[in-house]
Amino acid sequence: MTATLGRMELLMKVTVCQLDNRAGHRAAALAALAEHVADAGSDLVVLPEMPFSDWLAADASVDAARWQQSVAEHEAAVARLAELGAPAVIASRPVEKATGSRRNQAFAWTPDNGAVGIRDKYYLPDEPGFWEATWYDRGELSLDMCRVGEARIGVQLCTELWFLEGARHYGREGAELLCLPRATPYESLDRWLIGGRTAAVCSGAYSISSNQWTPGGAGLACGGLGWVTDPDGTVLATTTPHEPFATVEIDLNVARKAKHTYPRYVRE
């Protein structure tokens, strides 16, 4: 976090990605992202949804061994997040509660605190390629936030984007960033970007999203396209197959001022 208080600016560099999640390519993709983070001087990296193992919900049949393998792979990757070189990372991971309930948990990682759970995914699709309600349970309907430096951050996991009351809630609570880890397919990328821009307008927050990416359509055919938009929905950066990482310097004061402009100031 870089603060320039004399000009009343609170500047922050945020990085999004489309991360090649094929098992044989994942390590190289993370290494390339770490190189980008070092070059860009990123303050925050947003990773895709459940980025450290094969996508469990592609299969309609639940396999307990595969679930445990995914949990273990995420735990191992989270333990090595310092290698990414970023002061803060947001993503999601599979976790199992003491009750045995399986969840998809959004977390924030920092070198000092490690990975801290923020909230569990509530809205779960259940259809070919995305048998999420089959694989794990919905969390509580909470919209807790986290902080990175001076930034107040709301996190929505993939499908949760479409429930815009969440974006409005985070805006009312003063969030400057809406972070959206995703696993979404090629054919609907335009629709997802429209949703991200709309969430920014509803909340008066920067919309920041990263997606899984499976070049050639191997396994779950996720289409990439990470983005950063400003609080009025203007696209500031997107990722592409040739440029899978993007970093934008944002000003938190822009989001704070946006809370008092249309349509955010309109009371319900």
Handout entry: Total residues in the range 64-92, condition among the hydrophobic types (A, V, I, L, M, F, W, C), outside any helix (DSSP H, G or I) and without any contact (Cβ under 8 Å) to a residue 24 or more places away in the chain
Key = 1
Exercise for the section: Scan the range 161-194 for residues that are part of a helix (DSSP H, G or I), surrounded by fewer than 21 Cβ atoms within 10 Å (Cβ to Cβ) and not β-branched (Val, Ile, Thr) and jot them down. Expected result: Trp162, Glu165, Arg168, His169, Arg172, Tyr186, Glu187, Ser188, Leu189, Asp190, Arg191, Leu193
Practice task
Tally the residues that are within 25 Å of Lys13 (Cβ to Cβ) and more than 18 Å from the chain's Cα centre (by Cα), restricting the search to the range 69-81.
Solution key: 2
Exercise for the section: Could you run through the range 54-89 and say how many residues are touching an Asp or Glu at 6+ places or on another chain (Cβ under 8 Å) and at pLDDT below 95? Expected result: 1
Practice task
Could you check Asn211 against (1) in a helix (DSSP H, G or I); (2) within 15 Å of Val155 (Cα to Cα) and say which number it fails?
Solution key: (1)
Handout entry: Candidates Thr247, Thr261, Thr240, Thr198 - the one that is of a type outside the set (Asp, Glu) and part of a strand (DSSP E or B)
Key = Thr247
Handout entry: Condition broken by Thr99, with the remaining ones in (1) closer than 30 Å to Ser188 by Cα; (2) of a type in the set (Ser, Thr, Tyr); (3) not in a helix (DSSP H, G or I) satisfied
Key = (1)
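The values are calculated or read from the model by the stated rules, or taken from the named source; none is laboratory data. Computed from a predicted model, the values in this text were never measured in an experiment. Backbone-built Cβ (ideal geometry, glycine too); neighbour counts: all protein chains shown.
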